[in-house]
4 protein chains.
Amino acid sequence: MKLQPGTTSRLSEIRGAIDETAHPALFMVDTISSLACCEYEHDQWKVDVTISGSQKGLMLPPGLGFNAMSQKALEASQSASSQVSYWSWQEMIENNEKGVFPYTPATNLLYGLKEALTLLHREGLQNVYYRHQRLAKATRIAVDAWGLENMCLNPAEYSNSCTAVLTPKGCDADHLREVILEKFNMSLGTGLGKVKGKVFRIGHLGDFNELSLAGTLSGVEMGLRLAKIPHSQGGVNAALEFLSD
Amino acid sequence: MKLQPGTTSRLSEIRGAIDETAHPALFMVDTISSLACCEYEHDQWKVDVTISGSQKGLMLPPGLGFNAMSQKALEASQSASSQVSYWSWQEMIENNEKGVFPYTPATNLLYGLKEALTLLHREGLQNVYYRHQRLAKATRIAVDAWGLENMCLNPAEYSNSCTAVLTPKGCDADHLREVILEKFNMSLGTGLGKVKGKVFRIGHLGDFNELSLAGTLSGVEMGLRLAKIPHSQGGVNAALEFLSD
Amino acid sequence: MKLQPGTTSRLSEIRGAIDETAHPALFMVDTISSLACCEYEHDQWKVDVTISGSQKGLMLPPGLGFNAMSQKALEASQSASSQVSYWSWQEMIENNEKGVFPYTPATNLLYGLKEALTLLHREGLQNVYYRHQRLAKATRIAVDAWGLENMCLNPAEYSNSCTAVLTPKGCDADHLREVILEKFNMSLGTGLGKVKGKVFRIGHLGDFNELSLAGTLSGVEMGLRLAKIPHSQGGVNAALEFLSD
Amino acid sequence: MKLQPGTTSRLSEIRGAIDETAHPALFMVDTISSLACCEYEHDQWKVDVTISGSQKGLMLPPGLGFNAMSQKALEASQSASSQVSYWSWQEMIENNEKGVFPYTPATNLLYGLKEALTLLHREGLQNVYYRHQRLAKATRIAVDAWGLENMCLNPAEYSNSCTAVLTPKGCDADHLREVILEKFNMSLGTGLGKVKGKVFRIGHLGDFNELSLAGTLSGVEMGLRLAKIPHSQGGVNAALEFLSD
């Protein structure tokens with residue numbers, strides 16, 4: 001199942017659907033852009049394989065990947081004929097039990113991970129999720145005020161991590177991104193696949209607060225003006241009103 | 001001569017006044033908050049002693065202090081009866097000529113200084129000054145739009161580094177600063193001396209660009225609302241308009 | 001072909017042997033512990049796949065892996081039925097040509113790599129190799145003086161990076177390693193596989209000079225004494241004599 | 001009172017002598033090179049002014065200076081006519097009581113100081129002193145074995161931090177230091193004042209252990225050989241024997 005940028009998959013419902021049809025498929029979830037940004041329940045949702053990375057909600061440089069797997073996934077990997085390295089966990093599990101790694105791990109990032117987890121637990125995971133949710137809502141309020149369209153139409157699927165915004169017809173989203181990068185040194189996400197050139201993505205996750213969001217939205221608003229993309233002013237203003245209520 | 005926060009002294013005019021009266025006083029200038037933020041001409045303005053520090057326009061942690069002095073100041077220091085260590089340059093000068101220091105220098109910051117100077121020269125000093133001037137102007141535009149008063153009334157003395165803002169009568173500037181620190185983790189400068197509690201200072205210098213300014217002004221605007229300080233909305237908006245023209 | 005620890009494979013001879021028999025096998029070389037420690041000629045020796053990593057001769061933290069491959073290897077990978085991710089280069093090659101990566105790269109280490117390459121080229125690769133060769137020879141001189149046996153018996157295969165040393169019969173090499181770690185905070189490599197407990201490895205590569213080697217050998221010599229392993233004194237002494245000749 | 005390099009002043013005896021004669025002088029001690037290297041009792045020894053710095057036993061970069069003072073020193077500073085800034089504590093004391101500084105402090109080093117103190121207390125101060133004492137003794141054993149003379153002749157005054165070594169008559173200690181710096185990238189302390197060119201100093205303090213000492217002594221021993229300074233071999237050897245007993 002392919003994730004849309006700027007949406008949150010309804011994972012427990014997907015789990016329910018798999019269960020209802022008693023389908024034997026393994027349930028794999030990519031949480032690279034969402035772990036530590038919103039509720040996630042690997043065990044309760046009976047996810048078979050969760051993958052994640054260090055560089056988003058965990059606030060680290062890129063370089064670490066994580067896997068969590070169910071008993072069912074472990075068994076499947078042992079009987080699988082595929083040799084895809086990413087799903088060859090046996091050696092890692094055996095070594096990890098003894099507190100070591102089968103290969104040289106990225107030790108510096110492991111020290112960083114320890115600090116990141118300390119920071120997250122000090123803030124409290126529920127507070128971390130609420131902070132992301134609030135900043136995401138402020139972003140959507142700005143997008144609405146600009147009169148632009150959020151690619152995610154279903155409020156139940158709004159993302160805490162990232163908001164994908166459609167530029168008006170005929171307006172090149174990648175040109176907007178270039179203008180903003182050039183003028184304000186801010187790099188926004190591009191639209192991938194069939195929304196290439198039609199969508200830009202605003203990330204709002206990790207080590208992020210009201211003022212970093214305000215700076216981000218200000219860069220978008222000034223970029224819209226400079227790139228002459230039709231929009232209403234006042235997006236930043238609307239977000240600030242929400243955030244100071 | 002005491003500097004007001006948020007103002008730029010008219011140094012060449014002061015020099016002129018000293019010259020006109022043929023007054024023998026040494027001319028000392030504190031550039032801690034202004035070096036690498038606006039034009040400064042130690043030699044041309046015949047400044048006798050310039051003092052500066054690492055932690056503002058030079059974008060380094062605090063820890064280094066700098067002195068530049070005229071021949072006249074050097075001679076005065078040699079004949080002076082005062083033992084104030086800060087003006088005892090002889091040992092430093094003798095050692096510096098041989099490429100060393102008389103005491104253990106803060107070596108790490110000297111490495112940082114080398115990098116900082118490389119960054120400044122790569123951007124070009126005129127560009128650095130212009131960037132500061134532009135962000136300072138955007139700040140004043142925001143202050144005007146909020147209907148608040150800039151402590152600096154003379155446009156010829158506007159500061160590229162810092163804008164001191166008066167809160168309306170009866171509104172405690174230090175309470176505003178506390179609210180902003182508490183809610184948005186941003187620390188604004190306080191009013192010193194007789195403007196204590198009446199003024200807050202917005203710094204806009206060093207490694208600073210349009211988006212960091214937008215974040216800063218957004219924090220002030222949200223703080224004004226939360227601290228219930230009478231003001232007009234739209235300060236951030238006005239600054240963004242100026243910055244994207 | 002399995003590498004012995006503490007030996008250098010005679011790669012050009014292996015290449016010659018493959019050529020002589022006109023064997024179609026791909027020639028793969030693991031240079032993780034040797035790149036930037038000794039001469040290596042991927043092209044001239046017609047190596048098909050070279051693998052390497054950041055954490056040894058390149059003086060970086062672990063976290064980057066490198067592949068160099070011949071046209072023959074590329075073609076083989078395209079027609080191979082295996083899905084082993086490590087040999088699936090196509091996507092990487094296509095993206096690298098455009099200056100980007102198909103997945104999020106470990107950016108921090110790439111900045112580090114740029115610095116490491118600058119350091120290596122500033123020293124000069126031939127000087128880097130010579131430095132490794134000299135320190136490796138000093139290590140062997142110490143091992144000889146201790147009356148211990150170098151696992152590598154063939155001088156043509158001595159390693160610039162690492163010397164594997166046999167402990168006398170009945171002396172547990174892993175106990176020695178524990179004593180040294182506990183007393184002197186130095187972690188030596190263990191013997192793997194059938195030499196487990198019989199061999200310890202002394203690394204002498206990367207950001208390493210005469211004095212770091214002297215500290216290393218001193219730790220081994222004191223460890224031998226503390227662990228009561230029969231040996232002659234004077235290993236460090238002999239190494240120092242060689243290094244100061 | 002002027003300190004000799006490589007000696008420890010008998011501070012409690014000096015205190016005793018001052019007391020005996022009921023001399024009114026303030027007792028000032030420079031602990032820059034000794035704090036956290038050996039016992040020091042500011043209160044018990046009734047020291048009036050202790051000065052120290054960040055860059056030695058505290059294992060930090062240079063940049064912080066410390067003062068501790070007695071009530072008597074405080075009173076003296078208030079009535080003193082001298083304006084020497086280093087002894088003008090009043091403003092600092094008043095601000096420190098409120099948890100702040102009168103001037104911008106070197107904040108980065110203060111964070112480092114917190115970590116350094118954590119490290120020292122984790123090891124235990126008595127262990128830290130014992131470690132220094134043991135490494136200092138090993139250094140003197142090496143110096144003896146080389147047949148060189150320790151400038152400090154009185155065992156009661158041996159220093160835990162630094163050993164000053166006399167080169168034989170006619171042998172330039174500064175040439176030796178140059179050879180060692182050039183060949184092994186190790187910078188030894190020079191002789192100051194009347195022992196210039198006759199003495200070199202070996203530091204053995206701070207974040208230092210057996211193997212860093214072994215590397216240091218090895219550099220000296222190889223340097224002695226390369227600079228053709230008459231000496232007996234075996235200094236490192238003797239130190240290692242002592243350290244592994």
Looking for whichever is exposed (fewer than 15 other Cβ atoms within 10 Å of the Cβ) and farther than 24 Å from C:His231 by Cα here; the options are C:Glu115, C:Glu182. Which one fits? C:Glu115
Candidates C:Val128, C:Val100, filtered to the one that is surrounded by 14 or more Cβ atoms within 10 Å (Cβ to Cβ) and more than 9 Å from every other protein chain (Cβ to nearest Cβ): C:Val128
For the range A:152-189, give me each residue that is in contact with a strand residue (DSSP E or B) (Cβ under 8 Å, 6 or more places away or on another chain), among the small types (Gly, Ala, Ser) and either free of Cβ contacts under 8 Å to residues at least 40 places away in the same chain or in a helix (DSSP H, G or I) (or both). A:Ala173
A:Val49 within 28 Å of C:Ser81 (Cβ to Cβ), touching a helix residue (DSSP H, G or I) at 6+ places or on another chain (Cβ under 7 Å) and at pLDDT 95 or above: yes
Flagged in the range C:59-76 as surrounded by 19 or more Cβ atoms within 10 Å (Cβ to Cβ) and under 22 Å from C:Ile93 (Cα atoms), in numbering order, are C:Gly63, C:Leu64, C:Met69, C:Ala73
Checking C:Lys46, C:Lys56 in turn, the sole residue that is among the charged types (D, E, K, R), crowded, with 17+ Cβ neighbours inside 10 Å and assigned to a loop (DSSP other than H, G, I, E, B) turns out to be C:Lys56
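I'd like the residue in the range C:28-43 that is of a type in the set (A, V, I, L, M, F, W, C) and part of a loop (DSSP other than H, G, I, E, B) and, out of all such residues, is surrounded by the most Cβ atoms within 10 Å (Cβ to Cβ).
C:Cys37
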Taking the criterion of being closer than 17 Å to D:Leu148 by Cα and free of Cβ contacts under 8 Å to residues at least 24 places away in the same chain, would at least one residue in the range D:199-214 satisfy it? no
Which one is farthest from D:Tyr158 (Cα to Cα) among residues in the range D:103-116 that are hydrophobic (A, V, I, L, M, F, W, C) and within 14 Å of chain B (Cβ to nearest Cβ)? D:Ala106
Can you name the condition, by its number, that D:Gly191 falls short on among (1) under 28 Å from D:Leu120 (Cβ atoms); (2) more than 8 Å from chain C (Cβ to nearest Cβ)? (1)
Qualifying residues in the range D:77-89 (those that are away from chain B (no Cβ under 11 Å) and over 25 Å from B:Pro105 (Cα atoms)) - the one surrounded by the fewest Cβ atoms within 10 Å (Cβ to Cβ): D:Ser79
How many residues of the range B:1-27 are under 30 Å from B:Leu166 (Cα atoms), free of Cβ contacts under 8 Å to residues at least 24 places away in the same chain and surrounded by 15 or more Cβ atoms within 10 Å (Cβ to Cβ)? The answer is 1
Among (1) of a type in the set (D, E, K, R); (2) more than 22 Å from C:Tyr130 (Cα to Cα); (3) within 13 Å of another protein chain (Cβ to nearest Cβ); (4) touching a Lys or Arg at 6+ places or on another chain (Cβ under 8 Å), the one test that C:Lys183 misses: (4)
Out of all the residues in the range A:190-197, is one or more under 18 Å from the mean Cα position of the chain (by Cα) and in a loop (DSSP other than H, G, I, E, B)? yes
State whether one or more residues within the range B:36-47 are touching a His at 6+ places or on another chain (Cβ under 6 Å) and not acidic (Asp, Glu). yes
Filter the range C:226-245 down to the residues that are touching a Leu at 6+ places or on another chain (Cβ under 6 Å) and hydroxyl-bearing (Ser, Thr, Tyr) and list them by number. C:Ser244
Within the range C:204-212, is even one residue more than 12 Å from every other protein chain (Cβ to nearest Cβ), crowded, with 16+ Cβ neighbours inside 10 Å and at negative phi? yes
Residue under evaluation B:Leu119, criteria (1) more than 13 Å from chain D (Cβ to nearest Cβ); (2) over 21 Å from the mean Cα position of the chain (by Cα); (3) in contact (Cβ under 8 Å) with a residue 40 or more places away in the chain, criterion not met: (2)
Among the candidates C:Cys162, C:Cys171, residue that is under 19 Å from the mean Cα position of the chain (by Cα), away from chain D (no Cβ under 14 Å) and at pLDDT 95 or above: C:Cys162
Within the range B:210-225, does at least one residue satisfy the condition of being modelled with pLDDT of 95 or more, out of contact with any Leu (no Cβ under 8 Å at 6 or more places or on another chain) and outside any helix (DSSP H, G or I)? no
Do we have any residue at all in the range D:128-140 that's more than 24 Å from C:Val220 (Cα to Cα) and under 18 Å from the mean Cα position of the chain (by Cα)? yes
Of everything in the range C:218-237 that's of a type in the set (Val, Ile, Thr) and under 22 Å from D:Glu221 (Cα atoms), which residue is farthest from the other protein chains (Cβ to nearest Cβ)? C:Val220
Could you check how many residues of the range A:64-102 are at pLDDT 90 or above and either in a helix (DSSP H, G or I) or in contact with a strand residue (DSSP E or B) (Cβ under 7 Å, 6 or more places away or on another chain) (or both)? 22
The residue that is nearest to C:Val49 (Cα to Cα), considering only those in the range C:103-124 that are among the small types (Gly, Ala, Ser) and part of a loop (DSSP other than H, G, I, E, B), is C:Ala106
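The values are calculated or read from the model by the stated rules, or taken from the named source; none is laboratory data. Fair warning: this is a prediction, and the values are worked out from it, not measured in the lab. Quick reminder, even Gly has a Cβ in these numbers, built from the backbone with ideal geometry, and neighbours come from all protein chains shown.
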